[in-house]
Amino acid sequence: MSRSWPRLLTRGTTAVLAVQVLLQPVLAGGFLSGHYDLLRMHMINGMTMIVVALVQGVAAVFLYRAGAPRSVLTHGFMVPLAIAATAVLGEFRLLILHVPIGVLMVIGILQMASEVWRKEKTPQVEARKEEVPV
Ligand code: HEM
């Protein structure tokens, strides 16, 4: 099974999640500055992130079946769960947990996106490294 479409899909979903998660503190900040309608956008953006992460989870299953490491599958399941947990904390206004975990989500999702978009090493590079005598 080729890795092409699940890999392309994962690149797409991680890019969308990266933009969405960067929007969350901006929308929250706007809400805290008195633009109360931005809380609704924060909520809608948060819920949409769960859907995008679920689509990413499906791609992760196909990537894993095509030979990708188990960590891809684990990430595929953990990311939608973590976003959903963050959203529940926001809905229940448990901000003492919601805000720090939300900030960690920003860092984690940006890191995941950079890993997914990092150029995949071609097999020759690996072989060439082995050949060079020290
Ligand atoms: C994955 C990231 C995040 C998700 C999914 C998320 C989701 C949510 C949701 C669903 C709510 C409830 C909205 C409502 O009551 O209508 C909420 C509230 C809130 N979130 Fe987030 N959020 C995220 C990240 C953040 C970040 C990074 C910050 C701040 C730096 C933040 C600050 C807030 C604040 C201040 C509230 C309002 C609580 C209140 O009503 O007093 N959130 N969030």
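Worth pointing out:
- Y36 versus L54: modelled label distance in nm, points set 7 Å from Cα along the beta carbon direction: 3.1 nm
- A simple spin-label model places the labels of V26 and A85 2.8 nm from each other, with each point 7 Å out along Cα-to-Cβ.
- Computed from Cα positions, the angle between helix 38-65 and the longest principal axis of the chain comes to roughly 20 degrees.
- Note that the chain presents 66 Å² accessible area per residue, ligands and nucleic acids not counted, probe 1.4 Å.
- Using a Gaussian network model of the chain in which every pair of alpha carbons under 10 angstrom is joined by a spring, one finds that among G76, G67, G90 the greatest mean-square fluctuation is at G67.
- Placing unit charges on the Cβ atoms only, positive for Lys and Arg and negative for Asp and Glu, gives the chain a dipole magnitude near 280 debye about its Cα centre.
- Label positions at S71 and R93, each projected 7 Å from the Cα along the C-beta direction, are separated by 4.1 nm.
- Taking the C-alpha atoms only, the angle from helix 70-91 to the longest principal axis of the chain is near 10 degrees.
- Carbon + sulfur, % of accessible area of the stretch 5-131 - ligands and nucleic acids excluded, 1.4 Å: 73 percent
- Rounded to 10°, Cα long-axis angle of helix 95-117 versus longest principal axis of the chain: 30 degrees
- When the charge dipole of the chain is built from unit charges on Cβ atoms (+1 for Lys and Arg, -1 for Asp and Glu) and taken about the Cα centre, the candidate among G67, P80, F92 whose Cα reaches farthest toward its positive end is G67.
- Cα gyration tensor shape for the chain, rounded if a/c is under 1.5, else prolate or oblate: prolate
- In percent, rounded to a whole number, the relative contact order of the stretch 5-131 is 30, using alpha-carbon pairs under 8 Å and six or more apart.
The values are calculated or read from the model by the stated rules, or taken from the named source; none is laboratory data. Keep in mind that this is a model prediction, so the values were computed, not measured. Note that we place each Cβ from the backbone using ideal geometry, even for glycine, and neighbour counts take in every protein chain shown. We work out accessible area using only protein heavy atoms, side chains counted, and drop any ligands, DNA or RNA first. Shrake-Rupley method; radii C 1.70, N 1.55, O 1.52, S 1.80 Å.
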